[in-house]
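Take a look at the structure below.
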């Protein structure tokens, strides 16, 4: 089974980290291929950047030449999920959804620890759209930008644990890593907080495998019916045919 | 006062219709300038097209050379509203919000009649984000594509009246025209249904005037704080500096 | 255009302040006329007084001799809005609604700072009825009674800023002045808090202008259908024909 | 124990019917005294009349000379409940609340059948305020005005059964009589529909007895703290001291 | 009238306390009979124990030989309420419901003080099921296990007052004793907090009397239709015919 | 990896069907072991039977002698999920949750088709507890009892398609099989309706694999902390040590 893990920003090194983290949790026989938009944002940490990244990801997927069995949208709290489901027949799993679903299965209420406070609004909108907002005890920022997350992982884990404190006090018994760039920090944060910590990339890989093994694809009978390609779309896709 | 009315699609003739409809309701001294994205979608009738249009509109606004006192986002149910608020200090009024607000002030529950069923999901998300979903009796499609709306206005009004029937039966006492391309049809639909009909473009013009006269601008103290321009954004804006 | 601004209490001096604040923001050609109930409450700071004021305002409007194009209900959080809409064909804008709507257009979440804690329940009910409660971060009392608000405006602004602190901490990026008697304090509170502050009276004036310019009146097709005047209503109106 | 059953309209004969229906279900030792506002509305069938009745009822209670252990507010869906709780220390039970509570204890979802469609909005607001709206399958009008309800009880019961049909189809397994003037029709409607039918007047009597026997009175520690009587309230109460 | 008060645990002494507390508030002519499950849990302080107790209570009621007019389910926050309503025609009142209803009639928002934090989830689920969660300011644990509640009532009342503090700060103006074993502590807690305190056992007795006097029984027309006894149920009831 | 699939009823043949359906979708290396309660209900089609089955399942799990990596609760809409999470450290996936989650990932709104109308209430409660009720277009009964589901699969699929019709009309673009006994009918129902159909047993198997591969177990830091085993639990477990 081949999974396409689409980064929401233009950093190839972040894509490679996501690809590696995803491959590490994948079942035997599952191959994860990372993909990087050819234009867009260096990182998506707010509504403005998130909406740009949504179009860049759609651009990439509209022109992707290869086959895939399912798509992982690897931007936490990023927009565009429903558009991707319209575009594709293959199942689409967003890491925000995947993390929230995993957390809801192993705990009663979850808290999300993310990078900057500018991302909180997008994340809350994503959880509202999914429908699990009632299970969320809150979203808190650690003030660690995504580009700095990997510099000193112990320090990042400390900052996340600090951000998690009010969430645990408010009743969260599970935490969610609110950024793809935090992949791999779950164990460090579990040690610091004593609660299970969910990594959305790992969650999304296994949920894609779940959907593919069930043989289910995105419904085309309603909101996600294919867009009308007959209609001229000027200057789109922006990037021309994508190349990996 | 100068208002920028941004069309969500690339049709210059639609932009001119919006501009004219907006100017017609504007107060003395208010000038409405229409703007058309230089790339994007021929019409936005579903999630996929809506997310593309969001980025194209942001692209236009990020590079707009002229002054404006407020912005009208003239795509009904389109995405990107929160990103635009991040980008700009000037007030932003989306026609979906404007229509829903007007309807909530003159009736108890409103119904929305739109073009195709593929747009219903985006419209519902927009109303959820605004917070007035509890006042909405439903969103119904007329199966009149936006490009055909102006061909035979009497026939379009008939189709909208037909689409409105279950909404009125469900308790709606006001209707909302769920597409910028329906501008001007409010009177025809009022004649057919006997209830007030709100046109989002007209509503947005007068709400922009309301905000400008109150002297209020978009808050930069929270979710709409300006995005970090220092961060390199590769290949963005796509269009280069916009020209009217 | 003539707007009738109805005070909810019997203080003529408060009516004159409301009239002046409203006229100050009105567009050229808009005339604001203040109106004072002939009986009722010295100030409406709780459910009991609010329900009395609702009937006194209805009494005034049922007997008002002059013409008006729209009505401003100038009591923050007061009851009776839906009854007024039943009584009149002209549009009705309550300052609670108007402030909340304005705040929702320029920020993500708003907080309300009001006079006494006894008014909080009514204000919350009003926001629930409107449908924007989900956008409200909370309502807080400053413990400044309405009659004292104008004595020392700097001290009042300080008390409001203090009351606003937990609202800002809870994520509010806009504030609403929760009392008509606070009109004019928006600038002082903006200086103290750094966030936009909305004054409901100013908001209501410009929203009335918005509705009148759109040519829309209260729907009579549902919940606001005119009451049955044929039915004898003993001893009502209480006041006899109103005189300005 | 003495219960004061306050009619919301000015009809003494309706008050006597309420008093009799209430006394019939009361426990030994409970005395029900009916009370009629000295001004107000002939019947309260919509927001406008409901807000007038609220003030008239407050007027009556503010000047009632006798003792009572609890108050029944006997207008279905009428406003003013929270104001009455502010005014009094004795427990207050509104028949809307009482009927909904009883229905929620003996069934899964209830439907309300009322007089005219103009009353539906007020009833929905009352259920929202109580908090049991999620248990309500809907409110339907029978088009039988309250003044005609007692003329031909079999015909009225037939009309109520007809109005109930869509509610039962939507899952209601209990019905509520949505008007004090329907008192006594519960058995006739049970025969026609096969589901339990709750009469709010009977429910309110027994809930008042419940509160008095528990020795509980309205909390004065929050939203229902007594209004400030020191504050001059011009021309209020309207009626002067009430006489039974 | 005969009421069956079913303890949710197997402690006969707790049953006797419940029976005595219930009898104390009952009207003349009402006889309360306590009942103890023959198997199950020593105390139900969490989901696991609560689900076991639900089946043990159903087992008891499925085999109870005597007559009763209504049933009190005397475990605060315990599961099984809807199953009991399916099994029986007689009205069923759960003390969680009864306390929440009483609190909602005498205050604006209530807080619940319970034993251990492990019980909070069940209590919240019960309030959600009832529909009054919007009236609840929160549920807080006192860390007093039910078995210790009666040892030193002054100390227990102190612990409950401490647990109540954040609830009162969050706007609760009424408190609910969140455990049948706290019966009788309402007065002590009222002295310590100044707000009315509701005891669910007393509330349930008077609500049972309310339903019986109204002549209403559990609806069999929907969700509570009798289970199909024709279907073999292996090894059930577990206890064989119950004996008091 | 070893998964324990616990049937909620006492039918060994149903258990064997569940085991086979689960094994069929499992990844290489996953072994599914079916388990049957030693007492309880022949089928769980309503609240009463569901609460009995919850205790019987807890009894089975409390005494299960073998090892397992995760547990599948294979009763659709059955109670007890949270109690099982308290009892066990291993992950627990209920087929109701699993089906709803899968449906929410591949469609916009899902509908549930189940056996008898008596099961609808339990299913709705389960979805409310999960938090995905907002994604559910409704639950409809086919009037096919679970014991008859396998007799004539074409007829059962026809009945399910008929039950699905109003759900599809209400906007469902995915269907969920609301009974473990419907396992294997997904393809037949997809042929009849044209929308993807989710089988909860298959979904639960792959979600268990997802959780185990992520290395996550049930959080013991909150609502699911282990029950206090020191406390004597009389006559429990009912069954004594379970034997497969």
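Residues B:60, F:177, arranged from fewest to most other Cβ atoms within 10 angstrom of their Cβ, appear as B:60, F:177.
Residues considered: C:114, C:156, C:233. Largest GNM mean-square fluctuation over chain C, using C-alpha springs under 10 Å, is found at C:233. Treating each Cα of region D:79-135 as one equal point scatterer and applying the Debye formula with no solvent, the log10 of I(q)/I(0) at q = 0.12, 0.25 Å⁻¹ comes out as -0.31, -1.09. Taken over the C-alpha atoms, the protein assembly as shown has Rg and Dmax values of 31.4, 89 angstrom.
Taking the longest Cα principal axis of chain B as reference, the axis of helix B:12-25 is set at about 70 degrees. Comparing Cα centroids, region D:37-63 and region B:72-120 end up 40 angstrom apart.
For region D:1-132, the equivalent ellipsoid derived from the Cα gyration tensor has semi-axes of 21, 19, 14 Å, listed largest first.
The C-alpha radius of gyration of region D:96-200, expressed as a fraction of 2.2 N^0.38 Å, stands at 0.93.
Largest first and in whole Å, the equivalent-ellipsoid semi-axes of region B:164-244 read 38, 18, 15, each the square root of five times a Cα gyration tensor eigenvalue.
Note: relative contact order over region E:112-172, using C-alpha pairs below 8 Å and six or more positions apart, is 42 percent. Computed from Cα positions, the angle between helix F:95-106 and the longest principal axis of chain F comes to roughly 50 degrees.
Sequence-distant contacts, meaning Cα pairs under 8 Å at least 6 residues apart, place the relative contact order of region F:96-199 at 34 percent. Helix D:120-130 axis versus longest C-alpha principal axis of chain D: approximately 70°, rounded to the nearest ten. Computed over the Cα atoms of region E:4-73, the ratio of the radius of gyration to the Kirkwood radius (Rg/Rh) comes to 0.98.
In plain terms, the residue of C:193, B:187 with the fewest other Cβ atoms within 10 Å comes first and the most crowded comes last, giving B:187, C:193.
Of all residues in chain F, the one whose Cβ lies closest to the rotation axis carrying F onto C, together with that distance in whole Å, is F:134, 7. Which residues does the label zone of residue F:89 cover in region A:182-200, counting backbone N under 18 Å from a point 7 Å along Cα→Cβ? Zone members listed by number: A:187, A:190-197.
Name the most mobile residue of F:86, F:214, F:23, meaning the one with the largest mean-square fluctuation, in a Gaussian network model of chain F with Cα contacts below 10 Å. Highest fluctuation among the options: F:214. Note on D:128-138: average number of Cβ atoms from other chains within 10 Å of each residue's Cβ is 5.
Sorted fewest first by neighbouring Cβ atoms within 10 angstrom, B:213, A:140 come out as B:213, A:140.
Here chain A is treated as an ellipsoid with the same Cα gyration tensor; its semi-axes, largest first and in whole Å, are 29, 19, 17. Structure remark: mean-square fluctuation, Gaussian network model of chain F, C-alpha springs under 10 Å; the largest value among F:33, F:92, F:25 belongs to F:25. With only the Cα atoms considered, region E:25-65 has a convex hull volume of 96 Å³ per residue. Considering only alpha-carbon pairs that sit under 8 angstrom and 6 or more positions apart, the relative contact order computed for chain B is 24 percent.
Counting Cβ atoms of other protein chains within 10 Å of each residue's Cβ and taking the mean over peptide E:73-85 gives 4.
No value in this document is a laboratory result; all are computed from the given coordinates. A quick note: this is a predicted structure, and the numbers were derived from the prediction, not measured. Methodologically, a virtual Cβ is constructed for each residue, glycine included, from the backbone with ideal geometry; neighbour enumeration extends over all protein chains shown.
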